[in-house]
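To keep things clear, I will list the structure first and then write my remarks on it.
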Amino acid sequence: MVDVVDSATRSRMMSGIQGKNTKPELLVRKYLHGRGLRFRLHTKALPGKPDMVFPKYKVVVFVHGCFWHRHSGCKYATTPTSRKHFWTHKLSENVARDSYQIAALVGLGWQVFVVWECELREGMARLNLLYSEITKVLNDN
């Protein structure tokens, strides 16, 4: 399959994809902050530089894009038809890295919550659940 844009345009488009401060991440941060929770962002000292960190309670939150992190069974976790081998390899490495980082965090005693991009498209239910999960951990400590 031939790309619909030239390689320079495609390169510019791909370089514009952000790793942090994405729209889904900002939505989760705004919601949690609005509910009174305070957290650190992208702590480099932790495996995977989690999107939100609650250091006192050893809780981290990752906000994952369904495409980039291969949300199992999700309609947004498609594989591009061009350069299929490249994309399959790239995306499987992302999944392996995520698994390693989550296991490392759990091994260090952190509780890990993952919010998927598609869950945020379905209204406030996932945000309410995330808030409940986090406050339960906070109240247990």
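Bear in mind that the values in this text are calculations on the coordinates, not laboratory data. For clarity, every value in this text was computed on a predicted model and none was experimentally measured. When we count neighbours, we look across all protein chains shown, and the Cβ atoms used for this are built from the backbone with ideal geometry, even at glycine.
What the table below lists for this structure:
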| item | result |
| --- | --- |
| Mean ellipticity per residue at 222 nm, deg cm²/dmol - from DSSP H runs of n ≥ 4 across the chain, formula -39500 (n - 2.57) | -15000 deg cm²/dmol |
| Stokes-Einstein D (µm²/s) once Rh is taken as the Kirkwood radius of the chain over alpha-carbon pairs, at 25 °C in 0.890 mPa s | 148 µm²/s |
| Residues L26, L32, sorted so that the one with the fewest Cβ neighbours within 10 Å comes first | L26, L32 |
| For a label point 7 Å along the Cα-to-beta-carbon line of S92, residues of the stretch 32-69 with backbone N under 19 Å | 67-69 |
| Projected label distance in nm at K23 and A104, using a 7 Å step from Cα toward the beta-carbon | 3.1 nm |
| Nearest 10 degrees, 0 to 90: helix 125-140 Cα axis against the chain principal axis | 40 degrees |
| DSSP beta bridge pairing in the chain, given as percent antiparallel to the nearest 5 | 45 percent |
| Residues whose placed amide H lies under 5 Å from that of V59, excluding near-sequence neighbours | F54, Q111 |
| Acute angle (nearest 10 degrees) that the helix 23-34 long axis makes with the longest principal axis of the chain, alpha-carbon atoms | 10 degrees |
| Interchain or long-range residues, amide H under 5 Å from V115's placed H | F62, V63, H64 |
| For the stretch 100-108, Karplus couplings with θ = phi - 60° (6.51, -1.76, 1.60), whole Hz, Gly/Pro x | 4, 5, 5, 4, 5, 5, 4, x, 8 |
